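Data first, discussion second: the structure below is written as structure tokens.
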Amino acid sequence: MKIAFFTASRADYGKIKPLILQAKKKRIKFSIFATGTHLLKEYGGTLNHLKKDFSKKNIIAFSNQKFGDKHQVIFKNTVNNFTKSLKNKAFDCFFIHGDRIETLAAASVLTFSKIKIAHIEGGELSGTVDEMIRHSVSKLSHIHFVTNSAAKKVLINSGENKSNIFVTGSPDIDTLLKETRPKIGRVKERYGIKYNRYAISFLHPVTTKSKIETKYDANIYFDTLLKLKNINLIHFIPNNDDNSKIILEICKKKLTRKKNIKILKSMRFEYYLTLLENADFIIGNSSSGIMEAPYFKIPAINIGDRQNNRFGINKKFNVKFKSKEIIKSVRNIKNLKIFKQKIFGDGNSSKKIIRIILSKKFAKLNIQKNYKNLK
């Protein structure tokens with residue numbers, strides 16, 4: 001068997017890396033197609049992480065964007081350059097993840113390449129255009145590895161064959177629960193973090209919002225962070241989505257050279273999990289506050305509607321882009337009692353997924369999809 005993996009960002013690589021390691025352990029031949037922010041210096045050149053983790057001979061890298069490019073441009077470039085990279089290559093299965101524009105482009109190309117597509121984390125409900133992309137990718141995929149039973153129901157209701165949907169949890173939880181992650185001292189030393197106590201901050205674009213709306217939200221968010229003078233913050237720059245340039249410019253203008261705020265371009269996923277495990281709380285609009293934080297009993301303040309309808313979200317601390325609401329949540333969250341939740345897997349997702357891929361059932365899976373009629 002020969003399989004392949006597609007990664008376009010620091011986030012999805014953290015999800016698929018445990019899968020690649022499990023495939024390697026089972027001596028399965030594999031290739032990793034890397035693009036997106038992995039090749040952008042603005043995100044720290046994370047392609048080097050892949051090269052350190054796996055042999056160069058397994059990695060096929062291609063460029064698809066410049067920092068600040070619009071989604072239409074990224075989609076077009078991904079289709080063109082991925083098609084060229086895929087030429088004369090055959091795989092039994094191709095793993096793609098989530099809801100990125102590159103994921104949709106890759107799925108579109110693979111549909112015409114007669115390769116079985118395995119989609120990780122389909123069926124999730126959130127908000128904005130990400131949800132539409134995710135469901136579109138699911139329609140093009142042959143087999144689904146979902147994080148929870150609610151996601152499975154979404155796919156069944158959309159006409160997907162339930163026999164091809166497997167509740168495995170999220171592969172990143174495999175890394176989260178491993179004791180092989182670096183200690184917090186090593187994380188702080190590597191990334192120049194000098195705070196004993198800190199909170200983690202993210203602000204990603206909401207792709208359905210205009211430039212004016214994005215600018216308005218970003219100014220409120222960063223001005224509010226500046227008011228939290230007694231809290232040390234580690235803030236990560238936004239994903240390279242539409243309007244991310246606006247957020248980054250405001251971030252640099254307002255947060256640079258503030259003693260209690262450290263801005264980071266990127267961080268290895270294993271290191272990030274240790275950082276999160278030792279944080280006081282996480283704030284912003286990243287799915288990390290919903291998916292990973294509960295495993296460490298870390299409180300999360302979700303701001304805005306980027307994660308709307310996400311399974312497992314704590315409604316109590318889901319606030320709007322209003323400074324008073326955000327500050328009030330920060331004050332109250334210190335007294336919030338968090339119960340450990342394992343709603344996205346128990347740490348064996350990668351083993352489950354690879355076992356299914358190696359099964360006779362997958363071998364017999366037809367490249368031609370048949371959708372179930374909805375009653």
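A few notes on this one:
- Residue 32 vs. criteria more than 22 Å from residue 242 (Cβ to Cβ) and in contact (Cβ under 8 Å) with a residue 24 or more places away in the chain: yes
- Test result for residue 252, surrounded by fewer than 18 Cβ atoms within 10 Å (Cβ to Cβ), more than 22 Å from residue 17 (Cα to Cα) and without any contact (Cβ under 8 Å) to a residue 24 or more places away in the chain: yes
- Qualifying residue in segment 50-58 (condition: over 21 Å from the mean Cα position of the chain (by Cα), in contact (Cβ under 8 Å) with a residue 24 or more places away in the chain and part of a helix (DSSP H, G or I)): yes
- Residue ID - surrounded by the fewest Cβ atoms within 10 Å (Cβ to Cβ), chosen from residues in segment 214-231 that are among the hydrophobic types (A, V, I, L, M, F, W, C) and either at pLDDT below 95 or under 18 Å from residue 257 (Cβ atoms) (or both): 226
- Residues satisfying the stated conditions in segment 328-341, i.e. open to solvent by 30 Å² or more (accessible area, probe 1.4 Å) and either touching a Gly at 6+ places or on another chain (Cβ under 8 Å) or at pLDDT 80 or above (or both): 328, 331, 332, 341
- Qualifying positions in segment 249-272 - outside any loop (DSSP other than H, G, I, E, B), in contact with a Pro (Cβ under 9 Å, 6 or more places away or on another chain) and modelled with pLDDT under 95: 270, 271
- Restricting segment 130-168 to residues that are part of a strand (DSSP E or B) and not β-branched (Val, Ile, Thr), the residue that is surrounded by the fewest Cβ atoms within 10 Å (Cβ to Cβ) is 166.
- Segment 178-200 - residue that is hydroxyl-bearing (Ser, Thr, Tyr) and either modelled with pLDDT of 95 or more or open to solvent by less than 20 Å² (accessible area, probe 1.4 Å) (or both) and, of those, farthest from the chain's Cα centre (by Cα): 195
The values are calculated or read from the model by the stated rules, or taken from the named source; none is laboratory data. Just so it is clear, the model here is predicted, and its values are computed rather than measured. Reconstructed Cβ throughout: ideal geometry from the backbone, glycine too, with neighbour counts over all protein chains shown. In case anyone asks, the SASA skips ligands and DNA or RNA and just uses the protein heavy atoms, side chains included. Shrake-Rupley method; radii C 1.70, N 1.55, O 1.52, S 1.80 Å.
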